[in-house]
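First up is the structure itself, then whatever we jot down about it.
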Amino acid sequence: APRVLNVNVGVLGHIDSGKTALARALSTTGSTAAFDRAPQSRARGITLDLGFSCLRTALPPQLGPGPGELQFTLVDCPGHASLIRTIIGGAQIIDLMMLVIDVTKGMQTQSAECLVIGQIACQKMVVVLNKIDLLPEGKRQSAIEKMTKKMQKTLENTKFCGCPIVAVAAKPGGPEAPESENPLGVSELIEVLKSQAYLPSRDPSGHFLMAVDHCFSIKGQGTVMTGTILSGSVSLGDNVEIPALKVTKKVKSMQMFHTPVTFAMQGDRVGICVTQFDPKLLERGLICTPESLHTIHAAIISLKKIQYFRGALQTKAKFHITVGHETVMGRVMFFSPAPANFNEEIQENVFDFEKDYLYQEEYLSKDSNSSEENKENEQAEVQLPRQQWALLEFEKPVTCPKLCLVIGSKLDTDIHANTCRLAFHGVLLQGMEDKNYMETFLPKLKVYKLKHKEGQVERVMDDYSVIGRSLFKKETNIQIFVGLKVKLSTGEDGIIDGGFGQSGKFKIRIPDGLKPDTKMLLTVASKKKTKAGKGDATKDDESSKNDLAQPVTISLLFKRYVFDTQKKMIQS
């Protein structure tokens, strides 16, 4: 059989931009125009399944010599909330994206979201300006040119800068028009798709994982699961697991494009037949090499914020997290390298549990709050880490591959609000399978908070010790702070020696002794204080205020690990 190269084309766009009509026009035009085979089999447009149709054409020269066919599997991504899930699930296998734009409306909210998903998940794109039959003929050309310029501007700062833009009318006259109306521009679009086709990188190694989008039974054969292989490969006789049901089945037969095969690999669309399995149990979902997926309750991911998302990414906030093929609610905690390591090399696909990490109240970016404060203080360039991570805690467990794409979004935002709902994307580095991960796993994660407390010197005891106040609350157990180092604003180093009295005051030992200036400052201050206290409300009062306006402060700095059950305080 001549070789068939399969290229998966995602058809994305705002609701009602004509995605399905375009997929329909492409698959029928493509199949009748490119080949003169039995017209009745072509007339059906071989709609493989919900949202999957295909178009076959001769292999273009850039894809190698010899006979062969190029098959475009058109993945028409349905309705919107599911769009995000569908695309992210199929992201690993979409090779080329068609962004469908209603030429009378231009970019709309969801077109922007599709663009974001494309940038995360896809290498190449073609923009299709649809519905040109709605433009009055006299002004049609100039309107198309205007919209083309607009789209080029929109794509300027994306990885799709300079991608082809094609104008079509997939279904002139709209859905009600008679079938005899021929689509406009579709054969030109097919030529553009052929020019954009490339040999996708496919890898048969690694665990088999397939996204099933349809499941039905064939009398006397068994149950067929059709879908697209996301990774690895599968052969006749292999065992495959349906992890959601914890069931393992043997592959009895396989078909690709209605032809029996014994082997299929990443990127292929295939039907797999198994026996004694009720198709009602699995409409869509994942099947895989037995035991290769894990079910996790929490995860560590490396991530990047999506630039179009308005608003900060706050620690403790909840997002819709899409992992593998599932979307669940999850809570996030952001953390970064320790400040000294902000510039270290990015670690791809691994997480180092030996290192210390700094807890962040929010994801650090140019527009986040913490960097705003720094700007006001120093007017200096804000230092941002090259890599940031998050701990995700899921509301219900998720089954997914070991390293997979993760997207966080706010899908509860009003769909009509003109705003991007996708907040961040990243890679899952480490999943936590134990339900009691809080006790068993998190203590290994060395994320710390920096704590800074300030108090004041109340008075001098002798050359080597002072009494301090206002560092602790009255009820604080000062014993746990004994032995921690503090620094006086006059430069001396001290060590907390213990409590003093009942009101939260404490004693500080100064191993190298107080400097004469400090001693004078403190003695003068306390004398004036006692004098003022005796009711001499005279001029002295004014000067004592001035002196005490510069009290000697005590700073205590330490770090505490967020997941340390003993809450130890650590000073370097």
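What to note about this one:
- Sites Ser526 and Ile570 - FRET efficiency at Förster radius 35 Å, r taken between beta-carbons, to 0.05: 0.55
- Segments 504-511, 339-346 sorted - mean Cβ within 10 Å per residue, highest first: 504-511, 339-346
- Put simply, the amide H of Gly68, placed in the peptide plane, has neighbours under 5 Å in Leu59, leaving out anything fewer than 5 places away on its chain.
- Between segment 471-502 and segment 230-250, the Cα center-to-center distance that results, in Å: 63 Å
- Calculated from backbone phi, Karplus (6.51, -1.76, 1.60) coupling profile of segment 509-516 in Hz, x at Gly/Pro: 8, 10, x, 8, x, 6, 6, x
- Sites Lys485 and Arg202 - FRET efficiency at Förster radius 41 Å, r taken between beta-carbons, to 0.05: 0.10
- Once the C-beta distance of Lys280 and Leu411 is scaled by a Förster radius of 35 Å, the resulting FRET efficiency is 0.80 to the nearest 0.05.
- Residues whose amide H comes within less than 5 Å of that of Gly13, counting only those at least five positions distant or on another chain, are Val100 (H built at 1.01 Å from N in the peptide plane).
- Eigenvalues of the alpha-carbon gyration tensor of segment 209-288, scaled by 5 and square-rooted, set the equivalent ellipsoid semi-axes at 16, 15, 12 angstrom, largest first.
- Averaged over residues, the count of other Cβ atoms within 10 Å places the peptides 8-20, 123-135, 271-283 in the sequence 8-20, 123-135, 271-283, highest first.
- Separation in nanometres of the label points that stand 7 Å from Cα toward Cβ, at Glu395 and Glu191: 5.2 nm
- Database remark: amide H of Leu411 closer than 5 angstrom to the amide H of His320 (H placed geometrically; neighbours at sequence offset of 5 or more, or on other chains; Pro and chain starts carry no H).
- Accessible area per residue in Å² at 1.4 Å probe, computed on segment 160-211: 51 Å²
- Percentage relative contact order, segment 209-288, counting C-alpha pairs under 8 Å, at least six apart: 42 percent
The values are calculated or read from the model by the stated rules, or taken from the named source; none is laboratory data. Predicted model only: the values in this text are computed from it and were never measured. Note that each Cβ is placed from the backbone with ideal geometry, even for glycine, and that neighbours are counted across all protein chains shown. Side chains included, ligands, DNA and RNA excluded: accessible areas come from the protein's heavy atoms. Shrake-Rupley method; radii C 1.70, N 1.55, O 1.52, S 1.80 Å.
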